[in-house]
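Only one structure is covered here, and it is reproduced in the block below.
The values are calculated or read from the model by the stated rules, or taken from the named source; none is laboratory data. Note that the coordinates shown come from a computational prediction; the quantities given were computed from them, not determined experimentally. Glycine also receives a Cβ, built like all others from the backbone with ideal geometry; neighbour counts cover every protein chain displayed.
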Amino acid sequence: MAVSTGVDKLDEILGGGFRENRTVLVTGPPGTGKSTLSMNFLQAGLDEGSRCTFISTEQTLEELRDTFEPFSFDLENELLTVISLHARPGTGTEQYEQGTIVNTHGTARSTDDEQYLLRTLGGNKEIDDHRIDFSPSNLREFFRFNISGDRVVVDSISGLQSVSQNNDTYRRLLLDLIQLINDNHGATALFTAESSQPYYNSETAGEFSVDELIQYNLHGVIRLHRERLRGTDRRLLEVTKMRGVEYDSRQFELVFDDSGIRILPENRTFSSAFRATDHVSTGIDGLDTLLGGGLLSGESTVIQHDGKAEVGGILYILLSNMLSTDRSVALLPRIDSQPLFPQSVFERLGTSMDDLLDADRLFVFDHHGVWDDHQNIFKSVADERGIKDAMTTIHNRARGEGVVMALDTNTLTHALGPEATRRVRSWLQSDELGTTDAIVDIHNPTLLRDELASFHVDSASQVLETWLNDTGLQYIQLRKSPTGDIGAVRLIEYLDKSPYIRVVT
């Protein structure tokens, strides 16, 4: 079950919110919004009528009031318990047990450790009038008897680090506190932690490293940080871990308003209500979702690849699905493409390539003369005039409701040269592209001149990039589009049966 974070967009990023009875870490440098985000989480609970606890290891209640004064948080709500807690140098002779103070006449802690007393920042006489050792056992007991409710915030756990110079002891304490809050109290919790570096792997003295905590102890991690952008300071939020949740891992901006934290952008593209064109479904699970509905009818899409990723199979499955929507296809394949491959793909998907050619639904530019003779196989593609004449013929002859022009740009450039390729591409877009047509440019940009690659990206309405990583996984990213999830990266999965390809989060 999901528990609202108190920030609508963060709920959306996390697929509904935090998981109930789990603990999430919010980490980042000072001033990035950790405390405010935590209070948003508690305020959502207060609005639902839930009891909440805010434990501060850095500020008194008065200081918290000053910190949160610009916001509409209800710090006086009777359902909210605010506790301050910190360590002060000293030697304890008492301990906290079962909610009472017990005199132990000494301490069992090693004299090699720097020792601290348990103190509150709010003048709690029950604690401050005694010499209670700031030890793991006392902290566990303090949490056990002083927290209540369905939501708990500890701001920050960096303030508990002096419990021991031994990292193992400190991590064990945090694990105990997580178990105590989640299991014993049945609460959902946020821990905050200071970090002066943008990433978690810093080992600089005085900085908080949460590598082990992320891996072993915590259900999720949200990272806040700052970035200097053209002379302005931007606050950014990124979810780096959330167990059992399909979350959005992209960066978002974090801003403040009267309600506390807001996360932007709400959307990364225009509302589809502003688009005059329709989407053409690719028929590939997950790809239409990534694109916001599919390819844009009457516009162009660029698919860039790294030369290692599989693109032929994706292209022919996509084109087969386009053919099933009663569109025609004009194909300029890769230089090394042989007819047998598309023939096997089309037949596997239930359509004979010969039938498509005979029905004026499929047209092929045969640059190397490897296709059998047919009126819809165009072999005069070695010059600009031949390409233009063939494309005009295709539009006159095509029987489908629109033509999808799938062009391998590397092959076209090899045949015509960069300048003629640019002219042909501009002519197609301005003179041949109808409202029910679509252009799909496929190329490896490293094999093109930078200016030509940039020209295609600039001309396209949608840009997809696919690549193979060092472990053999293939990914696809939407880099440009008026609709869909801009910047989102998805995994490409190949299947043994229909639909044969799936694009997954």
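Laid out as a table, the results:
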{"item": "Candidates Thr392, Thr421, Thr411 - the one that is in a helix (DSSP H, G or I), closer than 20 Å to Ile314 by Cα, assigned by TED's automatic domain parsing to the domain that holds Thr282 and not charged (D, E, K, R)", "result": "Thr411"}
{"item": "Answer residue from region 478-494, given it is outside any loop (DSSP other than H, G, I, E, B) and touching a helix residue (DSSP H, G or I) at 6+ places or on another chain (Cβ under 9 Å) and is surrounded by the fewest Cβ atoms within 10 Å (Cβ to Cβ) among those", "result": "Tyr494"}
{"item": "Residue within region 447-461 that is crowded, with 21+ Cβ neighbours inside 10 Å and of a type in the set (Val, Ile, Thr) present", "result": "no"}
{"item": "Count of region 414-445 residues which are under 17 Å from Gly307 (Cβ atoms) and either of a type in the set (Asp, Glu) or modelled with pLDDT of 95 or more (or both)", "result": "5"}
{"item": "Residue within region 265-279 that is under 22 Å from Glu401 (Cβ atoms), out of contact with any His (no Cβ under 6 Å at 6 or more places or on another chain) and free of Cβ contacts under 8 Å to residues at least 60 places away in the same chain present", "result": "yes"}
{"item": "Scan of region 454-483 for residues that are of a type in the set (Gly, Ala, Ser) and touching a residue at least 24 places away in the same chain (Cβ under 8 Å), ordered by number", "result": "Ser459, Ala460, Ser461, Ser481"}
{"item": "Residue match in region 347-356 (condition: in a loop (DSSP other than H, G, I, E, B), touching a Phe, Trp or Tyr at 6+ places or on another chain (Cβ under 7 Å) and of a type in the set (A, V, I, L, M, F, W, C))", "result": "no"}
{"item": "Identity of the residue in region 474-490, modelled with pLDDT of 95 or more and of a type in the set (A, V, I, L, M, F, W, C), that ends up nearest to Asp306 (Cα to Cα)", "result": "Ile476"}
{"item": "Verdict on Thr325 being over 23 Å from Val280 (Cα atoms) and surrounded by fewer than 17 Cβ atoms within 10 Å (Cβ to Cβ)", "result": "no"}
{"item": "Residue list for region 143-160, filter: in a helix (DSSP H, G or I) and under 21 Å from Leu64 (Cα atoms)", "result": "Phe143, Asn146, Ile157, Ser158, Gly159, Leu160"}
{"item": "Any hit, region 361-369, residues being under 26 Å from His305 (Cβ atoms), loosely packed, with under 14 Cβ neighbours inside 10 Å and assigned by TED's automatic domain parsing to the domain that holds Lys497", "result": "yes"}
{"item": "Complete set of residues in region 49-103 that are closer than 20 Å to Ser137 by Cβ, of a type in the set (S, T, N, Q) and surrounded by 15 or more Cβ atoms within 10 Å (Cβ to Cβ)", "result": "Thr57, Thr93, Gln95"}
{"item": "Condition check for Gln304: crowded, with 21+ Cβ neighbours inside 10 Å and either of a type outside the set (Val, Ile, Thr) or assigned by TED's automatic domain parsing to the domain that holds Pro70 (or both)", "result": "yes"}
{"item": "The one condition in (1) assigned to a helix (DSSP H, G or I); (2) more than 37 Å from the chain's Cα centre (by Cα); (3) of a type in the set (A, V, I, L, M) that Val364 fails to fulfil", "result": "(1)"}
{"item": "Check on Leu407, surrounded by 20 or more Cβ atoms within 10 Å (Cβ to Cβ) and over 19 Å from Asp336 (Cα atoms)", "result": "no"}
{"item": "Boolean, Gly123 is part of a loop (DSSP other than H, G, I, E, B) and at pLDDT 85 or above", "result": "no"}
{"item": "Residues being in a loop (DSSP other than H, G, I, E, B) and either under 29 Å from the mean Cα position of the chain (by Cα) or on the phi > 0 side of the Ramachandran plot (or both) - total across region 435-477", "result": "8"}
{"item": "Index of the failed condition, Gly294 passing every other in (1) in the same structural domain as Pro339 (by TED's automatic domain parsing); (2) without any contact (Cβ under 8 Å) to a residue 24 or more places away in the chain; (3) in contact with a Leu (Cβ under 6 Å, 6 or more places away or on another chain)", "result": "(3)"}
{"item": "Within region 219-325, strands (runs of 3 or more DSSP E) holding 3 or more residues that are over 28 Å from Thr5 (Cα atoms)", "result": "300-305"}
